[in-house]
Structures are given as structure tokens and as C-alpha cells.
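Structure record follows, encoded as C-alpha cells.
Where a number appears in this text, it was derived from the coordinates with a stated rule and is not lab data. Not measured: the values here are computed from a predicted model. For neighbour counting, all protein chains shown are included, and Cβ atoms are generated from backbone atoms with ideal geometry for every residue, glycine included.
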Amino acid sequence: MKLLRLAIAAAFAMAWAAPAAAQRYTATQHGDVIDLADATNQMMVSVVWSMSNAWRIRVKGKDLVRTAATLGDFQSRPGLSGMPLLAPFANRLDDTAFYANGKKYNFDLELGNVRGPIPSTGYVNGSKAWQLVEFNADQKSASVTCKLDFYKNPQYMKQFPFAHTITMTYRVADGALEVRTRLDNLSTEAMPVVIGYHPIFELPDGNRNDWTVSVDARTHWIEIPQRLPTGETQPIENFFNADREAIALKNYGLIDDVFTDLIRDADGRATMTLRYNGKEVQTVLGPKYRTVLLWSPPLGGGGGRGGGAGAPAPAAGPFAVDPAKGVRTAPAAVIPASNAAAAGARQGVTASAQQDRGFIAFEPMVAVTNALNLAQKGLYKDLQSIPPGGSWEESFWIRTRGY
């Protein structure tokens, strides 16, 4: 009987000790950072909750997105590092004003949070006004939720006078990161939804001249040199002159273009893939993300997102996006023969010695670039909006293979 009691006591002791050692998912706070971990898939996502930005995303010790050298650098100069939210509008507008519900709203450029002549990427990136709602981990996932009361900031409201809140949840489960965004419209008018995200991906092996991409989209939007869509479109194969599932980045100069008519699976999701040497990084877009923007400059060719295509931007907008008046850009340029040797030589440089291996951004966007003003002109038909008192909610996922 004594031996039986000892055995039962030992079993209870093992039961209490086992969960801590075997816990798969954890969510741990270190000041302004919440670390979400999946021990089985060795995935770690570090979210700066005061900015609601995943400043590092790692799998087996390898970074998936570009980031600053230190957390302090990231917090003081986030730029397009990590995974910034582009809101209340993503990417460019063709004027220092926008249309919503048939009304024109002019930006106050003296505030400084919106700049001309081509307003770009919204202005909430870098905000430290986010609130930590909760973070937790259980047997299925680890997550953190943050909220921004957009309507409480007078400078935000001055530029985009639609009272709303933004709630973001980062969730790590089954080796994937889900980014879920909820917008709650508190205003008395319908609020247009034109947000996006800006993750910049790179692989641990090779460089841009080695990588290929696959894009689940059918349609490319033709642009003027300032990277503003004209309203004209063409099949994606015409733009890349290649199968959309095997696009060799080395064959192209600057890519900074939007694609729509996304090809969905049974769950309504579309997948964009970066691959090389058996490794893949995938961005999977939920149904309400109707657009993906691809941004990838050639190695040694710069990567600025100003005028683009070698053409300076005019001093003031609005810009001519009517194809009868504007100048279209050609499909992304093939690397000139004079640069081919140098590009090939760079492939032989080791990653440790190479300052820039290149990148590609798969940017989930709710609508095309300049959607607000294109919709007013009747050139964009897919603009989403939230009724007064309503909400909008959608996710995209980042996952890997071969790591």
C-alpha cells in the first residue's frame, strides 16, 4: 500500500512538471515587446505592441522580413522595416486630396503627416499610441492584440475625417503567422477601406538574382512613371512575359506594380510565394484583400519609391492618369546587357560579404493604388466601405516551407 501511495505521488509530481517543459506556444512580454513562439516549428514573432508592428519574424533563427539592427533603431526610425500598417490609405494618391462618398477632402500639408505632391503610405506607421489589449498562449496558438483609437488624434482626423478604431491581432499557430485587422467605423458616414501592409521579404540563401516568385493574380494595372495606375489593365503574363508561377526576378528591373483578380483556393485565399533552393516564404491573402503590390528593385539599382522609372515627379498634382494624356510605363525592364556581367558576378558573393542581397515586398492591399480617386473617376469598381456603426475584418498569413 505504501509503495502504491509513493507511485501515485510520483505520478502527480511528473504531471505537474511536464506541461512547462512541453509547452508548444508561449507569449512573453519584455517591456514594449511581446514574443510569440511556436517551439515545434521554431517560429518567433516579436511584436512592438506600442507600435503594433512585428519588428522581427524568424524561423529557425532566420529572419523573414527586413528590420533595423536594434530594437532601439526600429523604435526611433521604423521606416518600412518589420511589417508596417499603411493606413488610412496604402501607397500613392495622385493629388494632395482624396474623394470619399462623392466629396473631396483636401489634405492640410502644414501638419506634416501627409506630404505632396504624391501622398504615400498613409501616416500611422511609427505611431506609438497603440494600446495593449491582451496577449496569451494556449495549446493551439500564441497571440497579441493591440488597438489604435484613430478618432482620438486630431491630426489624424484632420486628414481623414472618419472616426474609427483599428484593432490588430498577431497570432502564431501551426508554423504560420496570422495578421488579423479589424476596423470599426464610428462615424456617421460610410468609411472607405484602402489600407495595406508592407512586409519586405528575403530568403536566407542566394540573392534577388537567384530567387523566383509565384503570384496568384491574373491582372496587372498599367502605370504612369510616377507609379500611379491609369485604369488600363493587361494580363499578368504580358507584364512579366513569363508564366506567373515561375517569375525569375533577375530578368526584371524595378517592379513596383499592383495586381488584381486574385486566384483563390477553396477558402478564398490567394498565395504569393518567394522561393529558392528548396526554401519558400509565402504570403496568403484573405478574400477582402483584393490587391497585391509587388515591389523589388534590381540589385545595385536602388529601391526608392519616389518617381520611379527614372522619371522625376511633377512639382504638383493632380497627375494625368488618363492614358490619352499620361505616359504609360513599359513592363518592368529586362536588365540591360551592360549590367548582366555585374549582376552575375554578384551572385558569387557570399551573404556575409554582400551588403544588399535584394528583396521583394508582397504587399497585401484592400484596393489598388490611388483607389479613392480612381473610384471617383469611374476607373475602379471594387472599392470597399464600412457603413456607419459597422466593421471590416480580414487576415493575411505568412508561412514557410523548407526551413
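Values for this structure:
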quantity: Set GLY82, GLY116: member being in a loop (DSSP other than H, G, I, E, B), touching a strand residue (DSSP E or B) at 6+ places or on another chain (Cβ under 6 Å) and not hydrophobic (A, V, I, L, M, F, W, C); calculated: GLY82
quantity: Pair list, Cβ under 7 Å, 6 or more apart: segment 370-381 residue assigned to a helix (DSSP H, G or I), other residue surrounded by 19 or more Cβ atoms within 10 Å (Cβ to Cβ) and of a type in the set (Ser, Thr, Tyr); calculated: ALA371/TYR380; LEU374/TYR380
quantity: Residue in segment 216-249 that is farthest from the chain's Cα centre (by Cα), counting only those that are surrounded by fewer than 21 Cβ atoms within 10 Å (Cβ to Cβ) and part of a helix (DSSP H, G or I); calculated: ASN238
quantity: VAL133 farther than 27 Å from LEU294 by Cβ, touching a Lys or Arg at 6+ places or on another chain (Cβ under 7 Å) and in a strand (DSSP E or B); calculated: yes
quantity: Lone unmet requirement of (1) touching a residue at least 24 places away in the same chain (Cβ under 8 Å); (2) surrounded by fewer than 20 Cβ atoms within 10 Å (Cβ to Cβ); (3) among the hydrophobic types (A, V, I, L, M, F, W, C) for ALA87; calculated: (2)
quantity: Residue satisfying all of: in segment 355-381; in contact with a helix residue (DSSP H, G or I) (Cβ under 8 Å, 6 or more places away or on another chain) and not small (Gly, Ala, Ser); surrounded by the most Cβ atoms within 10 Å (Cβ to Cβ) among these; calculated: VAL368
quantity: Test set (1) closer than 22 Å to TRP49 by Cα; (2) surrounded by fewer than 16 Cβ atoms within 10 Å (Cβ to Cβ); (3) without any contact (Cβ under 8 Å) to a residue 60 or more places away in the chain; (4) not hydrophobic (A, V, I, L, M, F, W, C) - ASP138 fails condition number; calculated: (3)
quantity: Exclusive hit being in a loop (DSSP other than H, G, I, E, B), within 22 Å of the chain's Cα centre (by Cα) and closer than 30 Å to LYS104 by Cβ, set SER127, SER187; calculated: SER127
